[in-house]
Amino acid sequence: MAISTIEWEDGRIKLIDQTLLPNEFKQIYCDDLPTIWEAIKSLRVRGAPAIGIAGALGAVLGIWNSSARTYNEFAAELKSATEYLATSRPTAVNLFWALDRMTKTAEDNRALPISDLKEKLLAEAQDIIEEDKAMCRAIGQHGMELLNENDTILTHCNAGGLATSDYGTALAVMFSAHEAGKQIQVFADETRPLLQGARLTTWELMQAGIDVTLICDNMAAQVMKEGKIQCVIVGADRIAANGDTANKIGTYNVAILAQAHGIPFYVAAPTSTLDYSLKTGAEIPIEQRASEEVTEGFGKLTAPKGVKVYSPAFDVTPASLVTAIITEKGVASPPYTESLKAMQDV
Ligand code: MRU
């Protein structure tokens, strides 16, 4: 995309408000911590890598106007900002990874004057953005090797440029293949309840000139049975050390369907999405969302008022259903405990 998903501009954060897409393309500014917190919570900025960037820039916002005179005062302000941002969304590990990186940068540079320390933290957040861009491009290059001419790919949710600094993870594979001249088609799951697939993935793919067909989530089995899908590629919010993968609710369904139809199921994610501290996906915290997102998500009541709702935002696909994990360092194959560990050491 020519326009950044999220960036720093003159002392504040500028981001595309994704809740308005595809009806309206609008960039908004976040001038203070509650505004960027709300932007993350309400999915104005969303997708694991983009949430990480929002956290890093949010940490900068938290100290940018600090009048602290000692490092300890400054560190206390940074801590309160990062702790607050960490309460916005629990599942994408990129948020906590980025916040930890910002804290460590401050500690490593504690001898600097406060004004230089602020600049150092901004530079770190900018590094996270630049590294994310490079990782997305590399994921695209590695992933496209897995695609054959005329393949049709099914994807779920949105793991595109909007979910990262630029270019995406699962969609990076499609963008790279398309740019390399491979003929590919894509089926995009609508992705209830917030329709990231319908609103964002189709929008991004159409802009890139990629042949995309929208389906409701409950159509995937039939489409696979009709032989229309050659592989599934999805993003991830957190991958445990054994390869169990948390991604948007409904991903697990798709993985089971893919296995039932003998279709490869690929996860594309940067290594910043790997959480080696968790042995299995059972330890991944799953965000619960408000019932209104299910009953009146887009302003119209679609269920009786007061009905009980259960709305986990993510599910965990067991590693046994994942054919390969595409990262910027290459393609990991089962057993993931070994292949992902080897990537950590590179
Ligand atoms: O709730 P969201 O829209 O933040 O969920 C996003 C996803 O599940 C994406 O697939 C994932 O973060 C990977 S983004 C490259």
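Here are a few things to note about the model shown:
- Any hit, segment 29-47, residues being on the phi > 0 side of the Ramachandran plot, within 14 Å of the ligand (Cβ to nearest atom) and either in contact with a Phe, Trp or Tyr (Cβ under 7 Å, 6 or more places away or on another chain) or in contact (Cβ under 8 Å) with a residue 24 or more places away in the chain (or both): yes
A quick yes/no check of all residues on (1) of a type outside the set (A, V, I, L, M, F, W, C); (2) without any contact (Cβ under 8 Å) to a residue 60 or more places away in the chain; (3) touching a helix residue (DSSP H, G or I) at 6+ places or on another chain (Cβ under 9 Å):
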{"site": "Leu78", "(1), (2), (3)": "no, yes, yes"}
{"site": "Glu83", "(1), (2), (3)": "yes, yes, yes"}
{"site": "Thr87", "(1), (2), (3)": "yes, yes, yes"}
{"site": "Ala92", "(1), (2), (3)": "no, no, yes"}
{"site": "Phe96", "(1), (2), (3)": "no, yes, yes"}
{"site": "Leu99", "(1), (2), (3)": "no, yes, yes"}
{"site": "Ala106", "(1), (2), (3)": "no, yes, yes"}
{"site": "Leu112", "(1), (2), (3)": "no, yes, yes"}
{"site": "Ser115", "(1), (2), (3)": "yes, yes, no"}
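- Some residue of segment 275-283 being assigned by TED's automatic domain parsing to the domain that holds Thr191, in a helix (DSSP H, G or I) and either within 16 Å of the ligand (Cβ to nearest atom) or among the acidic types (Asp, Glu) (or both): yes
- Residue that is outside the structural domain of Thr327 (by TED's automatic domain parsing), among the hydroxyl-bearing types (Ser, Thr, Tyr), at pLDDT 95 or above and buried (at least 22 other Cβ atoms within 10 Å of the Cβ), where the choices are Thr87, Thr35, Thr82, Thr70: Thr82
- Condition check for Gln288: out of contact with any helix residue (DSSP H, G or I) (no Cβ under 7 Å at 6 or more places or on another chain) and free of Cβ contacts under 8 Å to residues at least 12 places away in the same chain: no
- Some residue of segment 244-266 being open to solvent by 10 Å² or more (accessible area, probe 1.4 Å), part of a loop (DSSP other than H, G, I, E, B), within 16 Å of the ligand (Cβ to nearest atom) and of a type in the set (Val, Ile, Thr): yes
- Residues considered: Arg101, Arg89. Of these, the only one that is within 16 Å of the ligand (Cβ to nearest atom) and of a type in the set (Lys, Arg) is Arg89.
- Qualifying residue in segment 46-59 (condition: surrounded by fewer than 20 Cβ atoms within 10 Å (Cβ to Cβ) and closer than 26 Å to Ser115 by Cβ): no
- Considering segment 303-333, and only residues there that are in contact with a helix residue (DSSP H, G or I) (Cβ under 6 Å, 6 or more places away or on another chain) and part of a loop (DSSP other than H, G, I, E, B), the residue that is most open to solvent (accessible area, probe 1.4 Å) turns out to be Lys329.
- Among the residues of segment 1-28, those identified as buried (at least 22 other Cβ atoms within 10 Å of the Cβ) and either without any contact (Cβ under 8 Å) to a residue 24 or more places away in the chain or of a type in the set (S, T, N, Q) (or both) are Thr5, Gln18.
The values are calculated or read from the model by the stated rules, or taken from the named source; none is laboratory data. Everything numeric here is computed off the predicted structure, so don't read it as measured data. Cβ atoms come from the backbone with ideal geometry, glycine included; neighbour counts cover every protein chain shown. SASA here: full protein model, heavy atoms, side chains in, ligands and nucleic acids out. Shrake-Rupley method; radii C 1.70, N 1.55, O 1.52, S 1.80 Å.
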